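Engineer: Quick one: the structure is below, and I'll ask about it shortly.
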Amino acid sequence: MHTVLSSPSKNVTIGADQPFCIIGERINPTGRKKFQEQLRSGDLSAIETDVAAQVAGGAMVLDVNMGLPLVDEADLLARAVRLVQSLTDLPLCIDSSVIEALTAGLAAYEGKALVNSVTAEVERMDIIFPLVKKYGAAIICLPNDEHEIPEDPARRLELVAVIVAAAERHGVPLEDVLIDPLAMPIGADTSLVVKTLETIHLIKEKYGLNTTLGASNVSFGMPDRHAINATFLPMAATVGLTSAIMDARTPAINTAIKAADLLLGNDDWGSNWITAHRARQAAENAASANA
């Protein structure tokens, strides 16, 4: 099953037979005090740096989140979407829990966006899915509802069934539904990542849907987080994970993902692996020459 996202001049296809899709997470004010202050003053200039760094790091889609107290999020998100689209041809993921902001972001976007996100709460899906349908977008859905964030993979799969039924009811094609299998921090319970992997496998086997998750959630609270994430994502790719929202600026994780693509047969003739290797060599040689 293929999920195709687009900008006016570029398509990105997410699927089990495609290169793993890196969704850059950096355009987000969470935990960034200086960026928050800039946004409150209406200054979006830092986004230019964020876009450039993520594109250079190998992002294929960019997540745009303007969730911040005491701002007009709808206006800010629409402005950010237009700015990012003026800087790159990568498709975007419109990220907000506020309906008005999602609407404004989707209305400003040119192309087929990804929406982040909706839970399996029926009332919530009955609001978000018509919006997704109207703008021809794809959407990330989480298998938790108003009652629980389940640990049991079988229960998560039951909630995926609720999501699938809602998508079909609202006329959203299943190829445009990505499931977030709920990546929980291994620092809280060392069995949780195995449950996430099992959930991904079950979703792939029963529905064949594309999947995504917040990669940094897995290593939260642990030291050497990059090493954990760089190990986890290739493991998850082997059981069906097809994309992840992550920091595209992290070389160790990007290299691990490209290696997984190569070994899983999703990098024809190793071209992406070789191109990335040559780029690293060129950068190292340039750095040495300027030292």
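Engineer: Please state which one of 250, 212 is surrounded by 21 or more Cβ atoms within 10 Å (Cβ to Cβ), of a type outside the set (D, E, K, R) and within 24 Å of residue 117 (Cβ to Cβ).
Structural biologist: On the way: 250 fails: surrounded by 21 or more Cβ atoms within 10 Å (Cβ to Cβ).
Result: 212 is the single residue among 250, 212 that is surrounded by 21 or more Cβ atoms within 10 Å (Cβ to Cβ), of a type outside the set (D, E, K, R) and within 24 Å of residue 117 (Cβ to Cβ).
Engineer: Confirm whether residue 27 is without any contact (Cβ under 8 Å) to a residue 60 or more places away in the chain, closer than 15 Å to residue 6 by Cα and in contact with a strand residue (DSSP E or B) (Cβ under 7 Å, 6 or more places away or on another chain). It would help to see each step written out before you state the result.
Structural biologist: Working: without any contact (Cβ under 8 Å) to a residue 60 or more places away in the chain: yes; closer than 15 Å to residue 6 by Cα: no; in contact with a strand residue (DSSP E or B) (Cβ under 7 Å, 6 or more places away or on another chain): yes.
When the stated conditions are applied, residue 27 does not pass them.
Engineer: Show the residue pairs meeting these rules: Cβ distance below 9 Å; 6+ apart or different chains; first residue within the range 264-287 and under 16 Å from residue 252 (Cα atoms); second residue among the hydrophobic types (A, V, I, L, M, F, W, C) and surrounded by 13 or more Cβ atoms within 10 Å (Cβ to Cβ).
Structural biologist: 272/262; 273/259; 273/262
Engineer: Here are some residues: 39, 5, 44. Which one is assigned to a loop (DSSP other than H, G, I, E, B) and over 21 Å from residue 275 (Cβ atoms)?
Structural biologist: On the way: 39 fails: assigned to a loop (DSSP other than H, G, I, E, B); 5 fails: assigned to a loop (DSSP other than H, G, I, E, B).
Among 39, 5, 44, only 44 is assigned to a loop (DSSP other than H, G, I, E, B) and over 21 Å from residue 275 (Cβ atoms).
Engineer: Restricted to the range 229-247, and to residues that are polar (S, T, N, Q) and closer than 24 Å to residue 52 by Cβ, which residue is surrounded by the fewest Cβ atoms within 10 Å (Cβ to Cβ)? Can you show your working first?
Structural biologist: Our first condition is that a residue be polar (S, T, N, Q); within the range 229-247, this holds for 229, 231, 238, 242-243.
Next, only the ones that are closer than 24 Å to residue 52 by Cβ stay: 229, 243.
On the way: 229: 23, 243: 30.
Ranking the candidates gives 229 first.
Engineer: Residue by residue through the range 170-192, note down the ones that are crowded, with 20+ Cβ neighbours inside 10 Å, within 18 Å of the chain's Cα centre (by Cα) and either without any contact (Cβ under 8 Å) to a residue 12 or more places away in the chain or closer than 22 Å to residue 148 by Cα (or both).
Structural biologist: 177, 178, 179, 180, 181, 182, 183
Engineer: Enumerate the strands (runs of 3 or more DSSP E) found wholly within the range 130-248, keeping only those where 1 or more residues are small (Gly, Ala, Ser) and in contact with a helix residue (DSSP H, G or I) (Cβ under 9 Å, 6 or more places away or on another chain). Full working, then the answer.
Structural biologist: Working: elements: 138-142, 177-179, 243-246.
In the range 130-248, 138-142, 243-246 are the strands (runs of 3 or more DSSP E) which contain 1 or more residues that are small (Gly, Ala, Ser) and in contact with a helix residue (DSSP H, G or I) (Cβ under 9 Å, 6 or more places away or on another chain).
Since every read-out is calculated from the coordinates, none of them should be taken as a lab result. Everything numeric in this text was worked out from a predicted model, so none of it was measured. A quick note on method: Cβ atoms are made from the backbone with ideal geometry, for glycine too, and the neighbour counts reach across all protein chains shown.
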